[in-house]
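**Student:** Mind having a look at this structure? Questions to follow.
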Amino acid sequence: QVQLEESGGGLVQAGGSLRLSCAASVRTFSSYTMGWFRQAPGKEREFVAGISWSGARPNYARSVEGRFTISRDNAKNTVYLQMNSLKPEDTAVYYCAATMAFYSTSSRSYASWGQGTQVTVSS
């Protein structure tokens with residue numbers, strides 16, 4: 001199992017930016033598809049963005065496409081989520097997750113999860 005630790009969350013005004021990082025403790029990080037999910041109070045956890053082992057196939061939820069960018073650095077065992085033009089509805093706990101599946105937007109496909117980092121966007 002992969003150990004994951006997120007960082008970079010915080011409080012930002014609407015229209016601002018944040019960059020989340022997720023460091024993985026595993027020797028074979030480049031074998032994993034990585035994903036970012038989020039969960040707002042009273043809502044289900046939802047897919048935000050995912051990236052394949054090579055970084056060549058990023059995919060996004062429609063609600064963040066064009067504003068968020070997922071990337072990875074396999075040499076550093078780290079995946080990133082650059083979030084621009086943030087909106088109050090982006091407020092949530094953001095989770096990093098890892099899967100051996102080739103591609104998935106379902107949280108059930110991800111076996112390893114971080115503890116989450118809070119992102120709060122004020123209006």
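**Student:** Enumerate the whole-percent occupancy of each 10 Å bin, from 0 to the last occupied one, for all C-alpha pair distances of the range 1-62.
**Tutor:** Reading upward from the zero bin: 17, 45, 32, 6.
**Student:** Follow-up. Give a residue-ordered list of calculated ³J(HN,Hα) values for the range 54-67 (Karplus: 6.51 cos²θ - 1.76 cosθ + 1.60, θ = phi - 60°; whole Hz; x for Gly, Pro).
**Tutor:** 8, x, 8, 10, x, 9, 9, 5, 4, 5, 10, 4, x, 10
**Student:** Residue by residue through the range 101-111, which ³J(HN,Hα) values in whole Hz follow from phi under the Karplus form 6.51 cos²θ - 1.76 cosθ + 1.60 (θ = phi - 60°), with glycine and proline marked x?
**Tutor:** 3J(HN,Hα) across the range 101-111, in whole Hz: 5, 5, 7, 7, 9, 8, 4, 5, 7, 9, 8.
**Student:** How much accessible area per residue does the chain have, in Å², with a 1.4 Å probe?
**Tutor:** Value returned for the chain: 53 Å² of accessible area per residue.
**Student:** On to the next question. How big is the chain on each of its three principal axes, counting only the C-alpha atoms and giving the largest first in Å?
**Tutor:** Largest to smallest, the principal-axis extents are 41, 28, 23 Å.
**Student:** Quick check: at a probe of 1.4 Å, how many percent of the accessible area of the chain sits on carbon and sulfur atoms?
**Tutor:** Of all accessible area on the chain, carbon and sulfur atoms account for 45 percent.
**Student:** How many percent of the alpha carbon pairs in the range 26-69 exceed a separation of 15 Å?
**Tutor:** So the pairs more than 15 Å apart make up 50 percent of the total in the range 26-69.
The values are calculated or read from the model by the stated rules, or taken from the named source; none is laboratory data. For clarity, every value in this text was computed on a predicted model and none was experimentally measured. We work out accessible area using only protein heavy atoms, side chains counted, and drop any ligands, DNA or RNA first. Shrake-Rupley method; radii C 1.70, N 1.55, O 1.52, S 1.80 Å.
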